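Colleague: This is the structure I have questions about; it appears just below.
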Amino acid sequence: VAVNSFEENLFHIIRAWHVAGRCTDCGECSRVCPQHIPLHLLNRKFTKDIDELYGPYIAGSDMETKPPMLTYTTDDCEASIVHQREALSQEAK
């Protein structure tokens with residue numbers, strides 16, 4: 001049975017979102033990947049996106065602070081609002 005590449009890619013994207021708030025950027029995921037995929041780059045991209053949406057967070061630096069993907073407040077910004085702000089700031093330039 002052939003693997004559906006969409007489902008396989010979706011799995012990795014969902015996994016990267018789950019890991020992003022806990023990733024220390026050690027690169028171990030890329031080192032052990034049997035297909036030599038630089039997974040740490042995907043994790044780094046999602047970590048950057050999360051920092052932009054929820055504020056800066058460094059995994060493992062403070063054991064008291066919860067990772068951004070484990071907390072929710074009514075002040076959390078919807079991704080669509082962030083993209084609208086970016087578009088408006090680009091238009092203003």
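The values are calculated or read from the model by the stated rules, or taken from the named source; none is laboratory data. A quick note: this is a predicted structure, and the numbers were derived from the prediction, not measured. When we count neighbours, we look across all protein chains shown, and the Cβ atoms used for this are built from the backbone with ideal geometry, even at glycine.
Colleague: In this structure, does Thr74 turn out to be surrounded by 10 or more Cβ atoms within 10 Å (Cβ to Cβ) and either part of a loop (DSSP other than H, G, I, E, B) or modelled with pLDDT of 85 or more (or both)? Break it down stepwise before answering.
Modeller: Numbers: surrounded by 10 or more Cβ atoms within 10 Å (Cβ to Cβ): no; either part of a loop (DSSP other than H, G, I, E, B) or modelled with pLDDT of 85 or more (or both): yes.
It is false that Thr74 is surrounded by 10 or more Cβ atoms within 10 Å (Cβ to Cβ) and either part of a loop (DSSP other than H, G, I, E, B) or modelled with pLDDT of 85 or more (or both).
Colleague: Restricting the first residue to segment 16-40 and requiring it to be without any contact (Cβ under 8 Å) to a residue 12 or more places away in the chain, which pairs with a second residue that is in a loop (DSSP other than H, G, I, E, B) meet a Cβ separation below 9 Å and a spacing of at least six or different chains?
Modeller: Ser30/His36; Ser30/Ile37; Ser30/Pro38; Pro38/Gly27
Colleague: Could you run through segment 26-56 and say how many residues are closer than 24 Å to Pro67 by Cα, in a helix (DSSP H, G or I) and of a type outside the set (Asp, Glu)? Quick ask: steps written out before the conclusion?
Modeller: Within segment 26-56, the first condition is being closer than 24 Å to Pro67 by Cα, and the residues that meet it are 26-30, 38-56.
Now narrow it down to the ones that are in a helix (DSSP H, G or I): 28-30, 39-54.
Imposing the further condition that a residue be of a type outside the set (Asp, Glu) reduces the set to 29-30, 39-48, 50, 53-54.
Of the residues in segment 26-56, 15 are closer than 24 Å to Pro67 by Cα, in a helix (DSSP H, G or I) and of a type outside the set (Asp, Glu).
Colleague: Here is a follow-up. Taking segment 1-25 as the search range and keeping residues that are at pLDDT below 80, outside any helix (DSSP H, G or I) and of a type outside the set (A, V, I, L, M, F, W, C), which one is farthest from Thr47 (Cα to Cα)?
Modeller: Asn4
Colleague: Report yes if some residue within segment 22-31 is closer than 25 Å to Glu86 by Cβ and not β-branched (Val, Ile, Thr); otherwise report no.
Modeller: Initial filter on segment 22-31 (closer than 25 Å to Glu86 by Cβ): 23, 25.
Pick out the ones that are also not β-branched (Val, Ile, Thr) and you get 23, 25.
Checking segment 22-31: at least one residue is closer than 25 Å to Glu86 by Cβ and not β-branched (Val, Ile, Thr).
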